[in-house]
Amino acid sequence: MKQTITCRLADIKTLESKHTCVIGAGFSGLAAARYLQEYGVNFTVYEASRHIGGTWRFDPHVGTDEDGLPLFTSMYKNLRTNTPRHTMEFAGFKFPDDTPSYPSGDCFYNYLKNFVKYFDLMKYIQFRSLVTRVKWAGGHWNVTYTKTEDRNSYTVACDFVIVASGQYSKPVRPKFEAEELFKGNIIHSHDYKDAETFRDRKVLLVGAGASGLDLATQLVDVTTKLVHSHHLVYNQPNFPSNYVKKPDIESFTSDGVVFQDGSFEDVDDVIMCTGYEYNYSFLDESTGLKVSGKYVLPLHQHIINIRHPNMAFIGILKQAITRVMDAQAQYAAGLVKGIFELPPQETMLKTWLDYVRSLRARHLRIKDVHYIADVMDNYCANLTREGGVIRAPPVLTEMQNFNAKIRLDDLLNYRDYDYEILDDYHYDRKYNPRPQNVCPVQQ
């Protein structure tokens with residue numbers, strides 16, 4: 001029988017300091033934990049699963065995990081990072097120098113586990129605690145979570161909430177005409193685990209974002225036919241003859257797909273690499289935020305809830321290097337500690353409105369409000385100037401910009417190069433192909 005157990009604010013106030021609640025123990029939540037501990041803040045990290053790492057942990061389950069919760073990871077076998085590891089490190093905690101610049105997903109997960117061990121963060125993490133509601137209760141937040149051990153619901157009062165629950169757990173799943181007639185299998189890349197599942201099958205891959213291109217390189221070597229439906233303009237590699245490029249989907253039939261050019265391909269399986277939406281369904285309307293699958297409004301510096309500045313978001317940005325999440329975490333933790341003060345609420349709102357108005361000049365719309373690829377270095381500088389956080393050096397933005405281009409120019413070989421940072425503004429890149437399972441990071 002489900003029960004609701006409430007810890008009163010008065011109980012929390014008897015602790016040595018105020019209580020901060022962090023939601024999620026992936027990269028962003030772990031970064032927040034590191035800085036909160038460093039600043040001597042009293043906090044708890046609430047993690048829904050039994051593990052740290054968020055989307056970086058491979059889980060063989062499909063759909064739901066061992067506790068019946070929706071999977072929060074989209075990791076698959078033989079994944080390698082598609083950006084250099086230097087852009088993905090926590091500040092001051094580097095990979096071993098001989099780590100490939102594009103390590104495997106398993107290697108990156110080992111890196112996260114080493115980070116937790118080095119900073120002794122495990123004691124702050126409360127596992128199997130799925131946050132279901134965050135509500136403003138007049139002076140504090142009520143955070144309600146379900147413990148998967150007993151299925152009971154608990155509510156704790158928090159003076160500050162840091163939302164670090166990631167953005168790759170709610171797939172965007174488009175619907176197509178007559179797809180109910182299709183007798184094959186249709187999945188989202190969120191549920192893709194291993195190319196071997198599709199050996200000797202005819203597969204349709206939909207989309208050419210990061211996952212779509214990566215899965216194309218995996219599947220083309222094992223499928224009898226790989227049909228790739230997308231409209232990306234890039235330097236397509238010389239794939240084997242079983243690769244078939246097609247435009248967007250028009251409709252399904254019982255045994256295949258009709259495309260917008262009128263052509264038809266018979267397929268056994270369809271994999272939708274069609275992206276993800278934000279999932280902040282646990283945020284009550286009392287947060288004062290306008291939340292959709294595309295944006296959360298209004299946020300100061302893409303972090304602070306302007307309506308209630310004792311709520312922060314980490315990792316909500318689009319097209320940003322992972323290192324920026326570390327800077328956001330230090331910013332949020334510094335605010336909790338009182339290391340710096342925010343501008344007045346009216347000033348934050350005006351700054352945010354000016355930023356929204358600038359989207360048009362950047363050829364963006366409101367749904368792109370969290371896209372910062374073209375202004376990332378300036379964003380990092382602003383966090384340092386306002387919050388005193390460790391500056392993400394400009395060379396990281398340079399590396400990311402080059403990587404974004406070379407990935408589309410040389411998809412099959414761009415990971416065969418290693419990068420070396422020379423100083424805050426310069427890097428070197430050398431050809432150094434190595435097996436993808438090379439990982440000097442030890443658990």
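The values are calculated or read from the model by the stated rules, or taken from the named source; none is laboratory data. What you are looking at is a predicted structure, and each value in this text was computed from that prediction instead of being measured. Quick reminder, even Gly has a Cβ in these numbers, built from the backbone with ideal geometry, and neighbours come from all protein chains shown. Heads up: the accessible areas ignore ligands, DNA and RNA and are worked out on the full protein's heavy atoms, side chains in. Shrake-Rupley method; radii C 1.70, N 1.55, O 1.52, S 1.80 Å.
Coupling constants for the stretch 426-432 follow from the phi torsions by the Karplus curve (6.51 cos²θ - 1.76 cosθ + 1.60, θ = phi - 60°), and in residue order they are 9, 9, 10, 9, 10, 6, 7 Hz; glycine and proline get x. On full extension, the segment bounded by R362 and R50 gains 108.1 nm, given 0.36 nm per residue less the C-alpha separation.
Here the stretch 172-276 yields Rg over Rh of 0.92, to two decimals, using C-alpha coordinates and the Kirkwood radius. Ligands, DNA and RNA left out, the 1.4 Å accessible surface of the chain is 49% carbon and sulfur atoms. Here the stretch 298-443 is treated with +1 on each Lys and Arg Cβ and -1 on each Asp and Glu Cβ, and its dipole about the Cα centre works out to around 560 debye.
Which whole-number percent is the relative contact order of the stretch 72-142 (Cα, under 8 Å, 6+ apart)? Don't skip to the answer; put the middle values down first.
Numbers: 35 pairs, mean separation 17.5, N = 71.
Relative contact order of the stretch 72-142: 25 percent.
Between L289, L353, L130, the GNM of the chain built on Cα springs shorter than 10 angstrom shows L353 fluctuating the most. Each residue of the stretch 337-343 was assigned a 3J(HN,Hα) from its phi angle through the Karplus expression (A = 6.51, B = -1.76, C = 1.60, θ = phi - 60°), giving 6, x, 5, 9, 10, 6, x Hz with x at Gly and Pro. May I ask for the distance between the Cα centers of the stretch 171-236 and the stretch 342-363, given as a whole number of Å? Taking the Cα centre of the stretch 342-363 as reference, the centre of the stretch 171-236 is 39 Å away.
What are the semi-axes of the equivalent ellipsoid for the stretch 250-338, taken as the square roots of 5 times the Cα gyration tensor eigenvalues, largest first, in whole Å? Walk me through the numbers on the way to the answer.
Working: eigenvalues 345, 50, 20 Å².
Computed over the stretch 250-338, the values are 42, 16, 10 Å.
A simple spin-label model places the labels of T351 and K193 4.6 nm from each other, with each point 7 Å out along Cα-to-Cβ.
Compute the FRET efficiency between L69 and E177 as 1/(1 + (r/R0)^6), taking r as their Cβ-Cβ distance and R0 = 35 Å, and round to the nearest 0.05.
Efficiency for this residue pair is about 0.60.
Taking 7 Å steps out from each Cα toward its Cβ at Q37 and E277 produces label points 3.6 nm apart.
Sparse packing (at most 13 other Cβ atoms within 10 Å of the Cβ) combined with a DSSP loop state is found for the following GluC sites (Glu not before Pro) in the stretch 274-370: E341.
Looking at the stretch 315-404, the accessible area is 47 square angstrom per residue; that uses a 1.4 Å probe and ignores ligands, DNA and RNA. Relative to its Kirkwood radius, the Cα radius of gyration of the stretch 285-404 gives an Rg/Rh of 0.94. The label point for Y118 and the one for A404, both projected 7 Å from the Cα toward the Cβ, are 2.8 nm apart. The distance linking the stretch 22-101 with the stretch 287-339 is 18 Å (Cα centroid to Cα centroid, whole angstrom). Of the cross-linked pairs K135/K294; K290/K367; K123/K318; K170/K290; K18/K123, those separated by over 23 Å at the C-alpha level are K123/K318. DSSP assigns beta bridges within the chain; of those with both partners inside it, close to 50 percent run antiparallel.
The Stokes-Einstein estimate for the chain, based on a Kirkwood radius over Cα pairs and taken at 37 °C with 0.692 mPa s viscosity, is a diffusion coefficient of 141 µm²/s.
Which order, highest average first, do 205-213, 362-370 follow once you tally other Cβ atoms within 10 Å for each residue and take the mean per peptide?
The most tightly packed comes first, giving 205-213, 362-370.
Averaged per residue, what accessible area in Å² does the stretch 49-140 show with a 1.4 Å probe, protein chains only? Write out the running numbers ahead of the final one.
Working: 3800 Å² over 92 residues.
With the other protein chains kept in place, the stretch 49-140 gives 41 Å² per residue.
Per residue, the accessible area of the stretch 142-259 comes to 42 Å² when a 1.4 Å probe rolls over the protein heavy atoms. Per residue of the chain, the DSSP helices (runs of n ≥ 4 H) give a summed -39500 (n - 2.57) that works out to -7000 deg cm²/dmol at 222 nm. Per residue, the convex hull spanned by the alpha carbons of the stretch 68-186 comes to 207 Å³. For Y276, the amide hydrogen comes within under 5 Å of the amide hydrogens of V172, counting only partners 5 or more places away or on other chains and with H modelled in the peptide plane.
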